[in-house]
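Read the structure below first, then the notes.
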Amino acid sequence: MLSVKDAETIIFNLVQPLQYPQDTEVVDLSSENRILATPITSQLDFPHWDNSAMDGYAVRYADVQQATKDKPVYLEIVEEIQGGYQPQSNIQQGQAARIFTGAVMPKGADTVVMQEESRRESDRVIILNAPKYQEFVRHQGSYYQAGSQLLPVGIRLNAPEIAVLAAVQCPRVNVYRKPKIAILSTGDELVTPNQPLKPGQIVDSNQYALAALVRQMGIEPLIMGIIPDDKEALQQAIDSSISHADIVLSSGGVSVGEYDYVEKIITHLQGQIHVHAVAMKPGKPLTVTTFKRNNRPVLYFGLPGNPVSALVTFWRFVQPAIAKLSGVVDGWQPQFVNAVATRDLHGAGKRETYLWGKLSLVDGMYQFHLAGGNHSSGNLINLAQTNALAVIRLGENLIAAGDAVKVLKIGNY
Ligand code: AMP
Ligand code: MG
C-alpha cells in the first residue's frame, strides 16, 4: 500500500495544468477568483506624474531650507492645484502653489511643505519649519516604470489584483477557463435528502459535501447524481463523466466488496490506475486513474464511500489537484501548520491518521482542539464546525496533550 507521501507525489505529478492559449478565456476585470493566464505589464509609470503626498504647499527647497518658527519664510501663492488638474504656473523664487494630496506638482517646485508646518495669510503662506529636500513628493515612476511586469501568470485574482488591473486600464483579462468537475455517488443504498428512508437506506451526503467544496473553489460542478451498484449503469455514468470533465469524483464502490465495481469498470474503459489504496486513516480505499479522452487527459478520483473518508481524501489530494489544474502556480499545495495539541491524540500506527478538530490562534500560537465524539470514518456529524485535520504520522501512536502536532488547514483555499 502506498504511503500518503508517495500517493501525493504520484497524484500531483499526474495533474497537467490548463494550458495557454487553448484553455483560456477573456473575462471582465471584476471576475474575482479567476487565475491569470497572461502577465500584466504596465504601459504607464506609477505614479503617472510627480505629485504631492500631502495637503500643503509646493515650494522651491532653496527658498525654505532656513525656515524656523523664529525666522519664518514668506512666499507668494500663485496658484491652487487640485487633484485632477494640470498646473499652469512655473514656481519662481519667493513663490509657492497651494496643493492637495495626489495633485500634480507644478514646474519649478521640488518639495511640499505640509499644511501643519505653515500658516496662511490671504495670498501668502508663512513657512514655519524647513522641510527635507523633495519631502512629500511622490516621483513619477518611483513605484513602477512603464514596461515592468505587475502581475505574473498563475495568480488568483482577488481585490488587490483587481485594483491593479483597474489602475493599469485593463478592463478585459485573459484567465484560464474553469476546470470541469463531475461528481457522482455510487450505491444501491443511497437516496436523496427529500426521499423517505426505507430500512437499510442512507442519504447521499457525499454529493452535496463534495459539490460544496468544489463551489468554494469558484467552480460549478457537473452533478451526475446517484448511480446504483449496477455494472452497466455505473459504466455509462463513468463513461459520460470522463467525456465531459477534466476531473471526475466518484464516491463509494472502491472497496473490496462484491458490489465495488469502480475499478473493474475503469479497467474496462482503459483507464490507467496509478493509486489503488493509501496507508491513511480515514481514506484507505482510494483509486486514482487517468483517462485519455478526445486528446485530453482526465483525472479520475474514486473516493471512499464513508463520508469522512471522502472529505478527508478530497482535502488531502483532490483540492490541491484542482488548484494545480486550474493554473495556480504557487500555493496550490496543501497548507500545513504546527499547533499544540490540547488533548491526547491517538494514531493508528500502521496508517497515517487524520483527526478532525478546530484550529485556534492563542497569543499568536496555533492550538488544535480535537472534535468530541466518535472519530469513525462513517461519523460525519462531528465534522461540523471543524476547520483542520491533525496528522499523526505513520508509526506514531500518541501525541500527548501539550505536544506539537502537524495540522492540515481545511477550507479557505
Ligand atoms: P462503499 O465504499 O461503497 O462500500 O461505501 C462505504 C460506506 O459509505 C457505506 O456505509 C456506504 O453506505 C457509505 N456511503 C457510500 N456512498 C455514500 C454517500 N454518497 N453518502 C453517504 N454515505 C455513503
Ligand atoms: Mg457502495
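The values are calculated or read from the model by the stated rules, or taken from the named source; none is laboratory data. Model, not experiment: these values are computed from the prediction. Heads up, the Cβs are rebuilt from the backbone with ideal geometry, glycines too, and the neighbour counts pull from every protein chain shown. Just the protein is used for accessible areas: all its heavy atoms, side chains included, with ligands, DNA and RNA removed. Shrake-Rupley method; radii C 1.70, N 1.55, O 1.52, S 1.80 Å.
Restricting GLN149, GLN169 to those that are loosely packed, with under 12 Cβ neighbours inside 10 Å and at positive phi reduces the list to GLN169. Of all residue pairs spaced 6 or more apart or on separate chains, those with beta-carbon atoms under 8 Å, a first member in the stretch 1-27 that is hydroxyl-bearing (Ser, Thr, Tyr) and a second member that is open to solvent by 70 Å² or more (accessible area, probe 1.4 Å) are SER3/LEU394.
Looking at the stretch 61-134, the strands (runs of 3 or more DSSP E) lying wholly inside it that each contain 2 or more residues that are open to solvent by 20 Å² or more (accessible area, probe 1.4 Å) sit at 73-81, 95-99, 118-121. Say we look at the stretch 252-283 and pick out the residues that are closer than 29 Å to GLY395 by Cβ and away from ligand 1 (no atom under 16 Å from the Cβ); which of these is surrounded by the fewest Cβ atoms within 10 Å (Cβ to Cβ)? Among those that are closer than 29 Å to GLY395 by Cβ and away from ligand 1 (no atom under 16 Å from the Cβ), it is ILE273. When ASP204 is tested against (1) buried (at least 16 other Cβ atoms within 10 Å of the Cβ); (2) closer than 30 Å to GLY253 by Cα; (3) touching a helix residue (DSSP H, G or I) at 6+ places or on another chain (Cβ under 8 Å), exactly one condition is not met: (3).
When ILE226 is tested against the conditions (1) open to solvent by 40 Å² or more (accessible area, probe 1.4 Å); (2) away from ligand 2 (no atom under 16 Å from the Cβ); (3) in a strand (DSSP E or B), the lone failure is (2). Restricting the stretch 231-245 to residues that are touching a helix residue (DSSP H, G or I) at 6+ places or on another chain (Cβ under 8 Å) and open to solvent by less than 10 Å² (accessible area, probe 1.4 Å) leaves a set whose member that is farthest from ligand 2 (Cβ to nearest atom) is ILE238.
Going through (1) more than 16 Å from ligand 1 (Cβ to nearest atom); (2) part of a strand (DSSP E or B); (3) in contact with a helix residue (DSSP H, G or I) (Cβ under 6 Å, 6 or more places away or on another chain) one by one, SER185 falls short only on (1).
Could you tell me whether MET54 is hydrophobic (A, V, I, L, M, F, W, C), open to solvent by 30 Å² or more (accessible area, probe 1.4 Å) and out of contact with any helix residue (DSSP H, G or I) (no Cβ under 6 Å at 6 or more places or on another chain)? It is true that MET54 is hydrophobic (A, V, I, L, M, F, W, C), open to solvent by 30 Å² or more (accessible area, probe 1.4 Å) and out of contact with any helix residue (DSSP H, G or I) (no Cβ under 6 Å at 6 or more places or on another chain).
Once the stretch 148-171 is narrowed to residues that are in a helix (DSSP H, G or I) and among the small types (Gly, Ala, Ser), the residue that is nearest to ALA310 (Cα to Cα) is ALA159. When LEU190, LEU197, LEU249 are checked against the criterion of being closer than 25 Å to VAL329 by Cβ and within 13 Å of ligand 1 (Cβ to nearest atom), LEU249 stands alone in meeting it.
Among the residues examined, GLY402 qualifies as open to solvent by 30 Å² or more (accessible area, probe 1.4 Å) and assigned to a loop (DSSP other than H, G, I, E, B).
Residue-by-condition table, conditions (1) within 23 Å of ASP204 (Cβ to Cβ); (2) open to solvent by less than 10 Å² (accessible area, probe 1.4 Å):
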position: LEU303; (1), (2): yes, yes
position: PRO307; (1), (2): yes, no
position: LEU311; (1), (2): yes, no
position: GLN333; (1), (2): no, no
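Do we find a residue being in a loop (DSSP other than H, G, I, E, B), under 30 Å from THR24 (Cβ atoms) and out of contact with any helix residue (DSSP H, G or I) (no Cβ under 7 Å at 6 or more places or on another chain) anywhere in the stretch 172-179? Within the stretch 172-179 (the criterion being in a loop (DSSP other than H, G, I, E, B), under 30 Å from THR24 (Cβ atoms) and out of contact with any helix residue (DSSP H, G or I) (no Cβ under 7 Å at 6 or more places or on another chain)), the answer is yes, since at least one residue qualifies.
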